[in-house]
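*Asks:* First the structure, then my questions, so here it is.
What follows is calculated from the coordinates using simple rules that are stated; it is not laboratory data. Predicted, not measured: the structure shown is a model, and the values here were computed from it. Note that we place each Cβ from the backbone using ideal geometry, even for glycine, and neighbour counts take in every protein chain shown.
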Amino acid sequence: MGLLLPPLRLVCSAPGIGRRFLPRTPVLLLAVVLAAACGRSQDRPVLKVLAASSLRDLLGGLEGECEREIDVDLEFSFGASSTLSRRIEAGGGCDVFLSADAQSLDRVLDQLDPETRHVFLANRLALVSGPASGEEAGRIDDPADLVECVGDIAIGGPTVPAGRYARRWLQGAGLLPRLEPRFQNARSARAALTMVAGGAVPFGFVYSSDARSTATVVLLWESG
């Protein structure tokens with residue numbers, strides 16, 4: 001069984017700035033909305049960007065391209081997409097919202113600019129093991145093998161996109177009732193990764209991109 005996760009989604013909330021910079025090429029699109037903060041300048045506009053925590057590494061790698069492509073400063077704040085959408089609902093303004101799921105984005109679309117909505121990435125669900133897994137990790141080729149293993153499982157909470165995707169997959173595979181009592185809920189996919197990498201729990205469900213971002217965890221399985 002496999003699950004290709006719904007694409008991550010982008011919405012820019014500042015019509016004037018957004019339409020000026022939303023681009024003619026995919027490279028420029030990423031340079032505008034996916035970059036670490038460029039050097040601050042009083043002469044350049046500053047875009048406030050709220051981004052899903054799983055995008056942190058990707059955005060950091062695009063800083064140089066941002067500086068080459070556009071004359072703008074980006075100010076990033078990372079967190080779970082559901083948390084970021086609640087921040088927007090509470091009046092916390094932003095120019096760009098990079099959400100890991102459509103649901104979090106749809107909740108605040110009336111406060112943004114729907115015409116600047118773009119799908120720009122897709123991801124996959126992954127199962128990883130960490131230092132606390134011991135020899136059991138070697139016996140796992142599929143999430144079903146977790147049933148025969150011991151230890152808790154890190155997973156995004158029910159309102160976290162990565163957590164919803166993992167629960168949906170496990171429900172479809174008939175595994176959710178057997179594994180759910182062992183879940184340790186995390187506030188984001190990246191937080192779940194940190195729990196596994198730090199040895200707090202032996203296993204975890206994260207995004208494939210997160211699983212490949214560190215050598216501290218072992219990628220056991222990813223959705224096809």
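*Asks:* What number, in percent, do you get for the relative contact order of segment 132-221 if the mean sequence gap of Cα pairs under 8 Å and at least 6 apart is divided by its residue count?
*Replies:* 37 percent
*Asks:* Using Cβ counts within 10 Å as a stand-in for footprinting exposure, how do Arg139, Arg167 rank, fewest first?
*Replies:* Arg139, Arg167
*Asks:* Next up: Can you give the convex hull volume of the alpha carbon atoms of segment 110-224 per residue, in Å³?
*Replies:* Spread over its residues, the Cα hull of segment 110-224 gives 119 Å³ apiece.
*Asks:* Also, quick follow-up: Taking H as built 1.01 Å from N, whose amide H comes closer than 5 Å to the amide H of Gln184, not counting residues under 5 places away?
*Replies:* Ile153, Ala154, Ile155
*Asks:* While we're on this one: Hey, fewest Cβ within 10 Å first, where do Leu220, Leu98 land in order?
*Replies:* Ordered by Cβ neighbours within 10 Å, fewest first: Leu220, Leu98.
*Asks:* Provide Leu125, Leu109 in ascending order of the number of other Cβ atoms located within 10 Å of each residue's Cβ, fewest first.
*Replies:* Leu109, Leu125
*Asks:* What list of ³J(HN,Hα) values in whole Hz, one per residue of segment 137-152 in order, does the Karplus curve 6.51 cos²θ - 1.76 cosθ + 1.60 (θ = phi - 60°) give from phi, with Gly and Pro shown as x?
*Replies:* 4, x, 9, 10, 10, 7, x, 4, 5, 5, 4, 8, 9, 10, x, 6
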